Amino acid sequence: MSDVSQVERQLFILLLLSENLRGLSLEEIIQSLKRVGIDVSKKTVERDIDCITSNFFIYEDTGNGKTVYLANKYKIRNVTFSITELISLYFTRELLNSYKGLNIASTGANILEKIINSVPKVDKTYLETLKNILKVNVTDINLENELNAEFIDILQKAIETCTCVELKYYAFNNDEMTDRVFEPYLLEIYEGCWHVVGHCRLRNKTRDFRVSRIQSLNLTDERFKKPNNFYENYKASRFDKLSGEDRILVRLLFTGYAARLVEEYESHKADVLSRTEEGLVFERTAPMTPEIIKWVLSFGAEVKVVEPVNLRNEVVKQIDNMRKNYILP
């Protein structure tokens, strides 16, 4: 991140100091900068602190036998917003409330409340009137009941430092517990749940682990190198939630109400959508996973699997099994 300006760097240092109540030493500031790709010398950081001090109150203290720097919290005052900005502020608050089970979202909601409390009374009144005008409905959120917050901290540190972890993981699909060495690349919030994406050495593949299913987690001393564009490649290997090894071309023909439904609400799942005399043709290159079969079956008789043959055969098999459940004596 060599293109970061001096002002941006100094603002980041100010943020670090204002968020750390115990203070930070020069070395800790330098290491924090390095974790976000900013490599600077001790002299540069000292000059930055001198410059910041001219505008903000930064003071020195002693902690554990070393000099640390602290900063008073800076506050927002006399902020006003346009109508469009107030609507966006309301939308963001409602969106965060949908994820209130996540600590990262509740912290964000608290930040928004601080901003809202600083705006003029007329702006606050308008925000209240929006409750009767605008509703934000976020679907497909399945918040976790149990999550080890320490695991998030460990994974974040591992990702920042490119350090391998050892973990014990419960796999939902095959109902098994396994020990793995894992290279964590990034954290992802997916449908309200924390996931970690990275390279699993046990399977020698990029994998997505739901953090709440990790039973134990430890940092190792081993480092790894994160590949470029891994997330884009990984997203291409999954249909919706699940990923797979071999990708296939799925071609489906939707008719009737299902065609209209897919065109309006499910079009993002397709690589190509096209209208023909027969109906709506859906094409997508994706892995063969159980969720594709479940998704196809959800449209009943208004969808036909054109290809591949193995997907068509699996759908027919599921239909036959369903029929057996409803045969009257």
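The values are calculated or read from the model by the stated rules, or taken from the named source; none is laboratory data. Since the structure is predicted, the reported quantities are computational estimates derived from the model, not experimental observations. All Cβ positions, even for glycine, are placed from backbone atoms using ideal geometry, and neighbour counts span all protein chains on display. Keep in mind that these areas ignore ligands, DNA and RNA; they rest on the heavy atoms of the full protein, side chains included. Shrake-Rupley method; radii C 1.70, N 1.55, O 1.52, S 1.80 Å.
Structure notes:
- Meets criteria (open to solvent by 60 Å² or more (accessible area, probe 1.4 Å) and either touching a Leu at 6+ places or on another chain (Cβ under 7 Å) or not in a strand (DSSP E or B) (or both)) for Glu150: yes
Yes/no matrix, rows are residues, columns are (1) open to solvent by 10 Å² or more (accessible area, probe 1.4 Å); (2) modelled with pLDDT of 90 or more:
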residue	(1), (2)
Leu167	no, yes
Thr178	yes, yes
Tyr190	yes, no
Arg201	yes, yes
Asn204	yes, no
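- Residue in the range 286-297 that is at positive phi and at pLDDT 90 or above present: no
- If you go through the range 9-23 and keep only what is in contact (Cβ under 8 Å) with a residue 24 or more places away in the chain and within 15 Å of Phe56 (Cβ to Cβ), you end up with Arg9, Gln10, Phe12, Ile13, Leu14, Leu17, Ser18, Asn20, Gly23.
- Single residue of the range 41-84 satisfying the filter (at pLDDT below 85 and basic (Lys, Arg)) that is most open to solvent (accessible area, probe 1.4 Å): Arg77
- From Val122, Val45, residue being without any contact (Cβ under 8 Å) to a residue 12 or more places away in the chain and assigned to a helix (DSSP H, G or I): Val122
- Ile38, sole failed condition from (1) of a type in the set (Val, Ile, Thr); (2) in contact (Cβ under 8 Å) with a residue 40 or more places away in the chain; (3) open to solvent by less than 20 Å² (accessible area, probe 1.4 Å): (2)
- Hits in the range 110-124 - residues which are surrounded by fewer than 10 Cβ atoms within 10 Å (Cβ to Cβ) and polar (S, T, N, Q): Asn117
- Condition met for Gln10 (farther than 23 Å from Lys157 by Cβ and either open to solvent by less than 40 Å² (accessible area, probe 1.4 Å) or of a type in the set (Phe, Trp, Tyr) (or both)): yes
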